[in-house]
Amino acid sequence: MKKKMLLLNTTVLLGLGGVLSTPAYASTIQDMESQKSQIQNQRQDVQSNIKAASDELTRLQAEQDQMKAQLERLTLAEEENNKKAQKTEADIKETSKQVDQLEKEIKLLQEKLEKRNDILKDRARSMQESGGNVEYLQVLLGSSSFGDFVDRALAVSTIVDADRGILKETKNMQDELKTKQADVKSKLASLEDMKAELDEMTVQLAAQKKQKDALAKELEDKEAKNEELKASLQSKDSSLANEQSTLEQNIKDQKAAEEAARKAAEQAAKEAAKKAAEQAQKAAAEPAEKADSPSPKAAPKASSNDVAPTSAPAPKASNVVTVGNRWIGNSAYVFGGGRSQSDINHGLFDCSSFVHWAYSQVGVNLGPLGSVSTETLKHAGTQVSSSQIQPGDLVFFDTYKKDGHVGIYVGGGKFIGAQSSTGVAIANMSSGYWKQKFNGRVVRI
């Protein structure tokens, strides 16, 4: 009986020990720790992608800032060019008024000259009929035109004083007429140039507006793409973080349950051992046969199978050919621009002011900035044959007028200059538009 009791107690202890050493909890925790490790690896990949995306977003932001600055330049250029266009329109109207006035004055002079002509003819005819001075008559008969008659008549010393006064007055009127006619021609030529410039201006304003709108659309699309990329990465990282947090909580709960079960098993083992000891003590007090019986084995402690989480991986001066490259993509064309420090600071040039600026950067002064033009630049150095062209030479193009555009030859059939549709840019003069406009003028500074 006592032997049976001891065997029963031993069985109870062994059974409790088995409960303490069961791999059920450890297996579950191992699975969750493995999942956690996989999620951490995924998050490491996502974090790496987020960093790469952040770097790309930083680059795109810098590009956006650059585009915003260019949009501001184009807006400013558009405003300045509109002012120039309005002024040109006003100048055309004023010049047209002056031309109309000159034409009226010319008409009056012509009428007066016709009357003078009739008077002189009558006086000459009267002198002929009365047997007047032969030399005077020869002047009239030998002249090829009325103007020639006046010039020759004034040279005749025998003309009476009355006739000489009329002739001198007539000569003065002729000279005035010639002066006014020359003035009209000059103003008309200037007017034609102004019209051509205005037409060119209108075309380029439209091109600049189109360019500005395209940049604005590009900026808007990139901003939307950036936001979408950012939101996608943040969403993925947040999802993995939530999954990792849930898994960590499950592991924590499972470990807590395992710890509670372990403590309960230890308490049960202690109580069973105590009861077995009491029964053994009681049995020893009674006479009985001694028998070998296996002593109870100490219940083994449950082993912990925690898996440690994976640790996260820890200007030689610049020369005139290249000095202007800094303005490529960072400038805008303004008619008459680039002649103040404010314009230069904002990258606002026209073709001649850009050339002046570029040469000033390498220590060459091409005259007063305020009056620089294609006309002054074509006389600023020595003209050479286009077959001898070298980098740094000035090249001229016939656009809205003769020598209307100028740039700096960079070699390889290309030149850098402030173009009305692009701002400062390198253009090809060996084909296309600029080849057609190149007039062969090359000036070496």
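List of remarks:
- Extreme residue, farthest from Thr202 (Cα to Cα), among residues of the range 69-82 that are touching a helix residue (DSSP H, G or I) at 6+ places or on another chain (Cβ under 7 Å) and not polar (S, T, N, Q): Leu71
- First in the range 223-242 and under 17 Å from Arg59 (Cβ atoms) and open to solvent by 60 Å² or more (accessible area, probe 1.4 Å), second anywhere and modelled with pLDDT under 85 and among the small types (Gly, Ala, Ser), Cβ under 6 Å, 6 or more apart: Leu229/Ala53
- Look at (1) within 26 Å of the chain's Cα centre (by Cα); (2) open to solvent by 50 Å² or more (accessible area, probe 1.4 Å) and you find that Ala284 fails only one, number (1).
- Matching residues, the range 370-392, being part of a loop (DSSP other than H, G, I, E, B) and either over 27 Å from the mean Cα position of the chain (by Cα) or not hydroxyl-bearing (Ser, Thr, Tyr) (or both): Val372, Lys378, His379, Ala380, Gly381, Ser385, Ile389, Gln390, Pro391, Gly392
- For the range 46-57, the set of residues classified as closer than 17 Å to Asn242 by Cβ and either open to solvent by 70 Å² or more (accessible area, probe 1.4 Å) or not in a helix (DSSP H, G or I) (or both) consists of Gln47 only.
- Within the range 328-343, considering residues that are assigned to a helix (DSSP H, G or I) and not hydroxyl-bearing (Ser, Thr, Tyr), the one most open to solvent (accessible area, probe 1.4 Å): Gln341
- Of all residues in the range 184-210, those that are open to solvent by 60 Å² or more (accessible area, probe 1.4 Å) have Cβ atoms under 9 Å from Cβ atoms of residues that are part of a helix (DSSP H, G or I), 6 or more apart or on another chain, in Leu188/Thr95; Leu188/Val99; Lys195/Thr88; Lys195/Ile92; Thr202/Ala85; Lys209/Leu74; Lys209/Glu78.
- Residue count for the range 420-430, restricted to those that are modelled with pLDDT of 95 or more and either assigned to a loop (DSSP other than H, G, I, E, B) or out of contact with any Phe, Trp or Tyr (no Cβ under 6 Å at 6 or more places or on another chain) (or both): 5.
- Counting only residues that are closer than 23 Å to Ser421 by Cα and touching a His at 6+ places or on another chain (Cβ under 8 Å), the range 333-368 holds 2 of them.
- The residue pairs whose first member lies in the range 251-276 and is open to solvent by less than 50 Å² (accessible area, probe 1.4 Å), whose second member is assigned to a helix (DSSP H, G or I) and of a type in the set (S, T, N, Q), and whose beta carbons are closer than 8 Å, counting only pairs six or more residues apart or on different chains, are Gln254/Thr28; Ala272/Asn9; Ala276/Asn9; Ala276/Thr10.
- Gln181 of a type outside the set (Val, Ile, Thr), modelled with pLDDT of 85 or more, assigned to a helix (DSSP H, G or I) and open to solvent by 60 Å² or more (accessible area, probe 1.4 Å): no
- Scanning the range 400-445 for residues that are open to solvent by 10 Å² or more (accessible area, probe 1.4 Å), over 24 Å from the mean Cα position of the chain (by Cα) and charged (D, E, K, R) yields Lys401, Lys402, Lys435, Lys437, Arg441, Arg444.
- Selected residue (criterion: farthest from Glu72 (Cα to Cα)) from residues of the range 344-369 that are among the small types (Gly, Ala, Ser) and either open to solvent by less than 10 Å² (accessible area, probe 1.4 Å) or not in a loop (DSSP other than H, G, I, E, B) (or both): Ser360
- Residue within the range 22-44 that is surrounded by 16 or more Cβ atoms within 10 Å (Cβ to Cβ) and modelled with pLDDT under 75 present: yes
- Checking Ala77, Ala62, Ala153 one by one, the residue that is at pLDDT 80 or above and surrounded by 12 or more Cβ atoms within 10 Å (Cβ to Cβ) is Ala77 and no other.
The values are calculated or read from the model by the stated rules, or taken from the named source; none is laboratory data. Just so we're clear, the structure is a prediction, and the values are computed from it rather than from any experiment. Here Cβ is always computed from backbone atoms with ideal geometry, including for glycine, and neighbour counts include all displayed protein chains. Surface areas here come from the heavy atoms of the whole protein model, side chains and all, with no ligands, DNA or RNA. Shrake-Rupley method; radii C 1.70, N 1.55, O 1.52, S 1.80 Å.
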